[in-house]
Structure formats: C-alpha cells, structure tokens
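What follows draws every value from the coordinates through simple rules; no lab data is involved. Because the structure is predicted, anything quoted here is derived from the model rather than measured. Note that each Cβ is placed from the backbone with ideal geometry, even for glycine, and that neighbours are counted across all protein chains shown.
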Amino acid sequence: MSELYEKLLAARESGDFGALADAIPYAKWLGISAELRDGELIGTLRFDDKLIGNASLPALHGGTLGALLESTAIFQVLYEAETLALPKTITITVDYLRSGRPVDTYARGIVTRHGRRVVNVRVEAWQEDRARPIATAVVHFLIEPIGKTRVDGS
C-alpha cells in the first residue's frame, strides 16, 4: 500500500487532512491545509507575505489563489474517490472575481460529476464572507481507480 493511500485512509478515518496536505510539498510550502468542518472539506491558505502579488494594494498573487483552488479540488477528489494516486489535472479554469486581501483564504470543492476515470469539481474561494467569493474554478481530473487493469495487461 502506498504512503499516500495510507495517509488518505488515516485522514478519512480521523477527519484530519493535515498529514495529507503536508505530503504534497507545494501545498506545504504555500501554507495550504485541509480539514473537515461540519461535514465539509475546507481548504485553507494561511496568509504569508510571500503570497503577495501586488504590493501596492496589497493583494494576493493570482497563482496562489489558483493553487488553493486546485489543491482543494484535489483534496475533495481524494476524500470522495477510490484512488491510489494523486488525481491528474486535465484542465482548470479560474475566474478571479475580486482582489484577495492579505488575510487567510478558504475554499470548498464540490464534485459535480464522478465518472470511472474523470472527475469534475467546482471550487470557490472566499475570505471573511463565504457569500462573496474572491475566485472560483472548474477542474477536470483524470483518476486511476483502484484495481484498474491497463490495456497492455500490466
């Protein structure tokens, strides 16, 4: 059993996705974490000065918001799908709705379609007011289901 799958099983069982987020170096470096709150998986981007893209406003860099949205979608797929590997991003479309202020930012993903090999997720990010998202995304992932047999027989 892979280390990722062991961490995933432990996270599903305990509701603590911290170790799973820490297993992804990019998410760890950015300060992205995930946790279950009232039955929802919430991604969090802890504010840090290194995340500022426009110092004159100041505003969060769009790439960090995109990373939060994509990471939250990945955590949601790992939470819901039976897979032994990280989902592979096919496409991601991000809509930036307003500037992200220099505070913690949160995101929530909703699986809108779960096929055998492709999963579609809608994600939105907000700061203080969940009803006023600062960015949204639609992400399509390729997943490798447990027990999948390759065409070449391997």
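If I fit a long axis through the Cα atoms of helix 62-80 and take the longest principal axis of the Cα atoms of the chain, what angle between them do I get, 0 to 90°, rounded to 10?
Orientation of helix 62-80: about 30 degrees from the principal axis.
Cut-off 11 Å, label point 7 angstrom out along Cα-to-Cβ of THR112: give me the residues of segment 79-94 whose amide nitrogen falls inside.
In segment 79-94, the label zone of THR112 (backbone N under 11 Å from the point 7 Å along Cα→Cβ) covers 93.
Nearest 500 deg cm²/dmol is fine: what mean residue ellipticity at 222 nm does the chain get from its DSSP H runs of n ≥ 4 alone, each adding -39,500 (n - 2.57), divided by its residue count? Mind dumping the intermediate values first?
Numbers: 4 runs with 42 residues, N = 154.
Theoretical 222 nm ellipticity from helices: -8000 deg cm²/dmol.
Going highest first, how would you order 67-77, 88-98 by mean Cβ packing within 10 Å?
The peptides rank, most packed first, as 67-77, 88-98.
So what's the gap between the Cα centers of segment 19-50 and segment 76-90, to the nearest angstrom?
If you average the Cα positions of each part, the centres end up 16 Å apart.
Could you give the size of the charge dipole of the chain about its Cα centre, using +1 on the Cβ of each K and R and -1 on the Cβ of each D and E, expressed in debye and rounded to the nearest 20?
460
Please list, in order along segment 131-139, the HN-Hα scalar couplings obtained from phi with the Karplus expression 6.51 cos²θ - 1.76 cosθ + 1.60 (θ = phi - 60°), rounded to whole Hz, x for Gly and Pro.
Per-residue couplings from phi come out as 6, 10, x, 9, 7, 9, 8, 10, 10 Hz.
Roughly speaking, what % of Cα-Cα pairs in segment 3-142 are separated by over 26 Å, rounded to a whole number?
Cα-Cα pairs in segment 3-142 separated by more than 26 Å: 18 percent.
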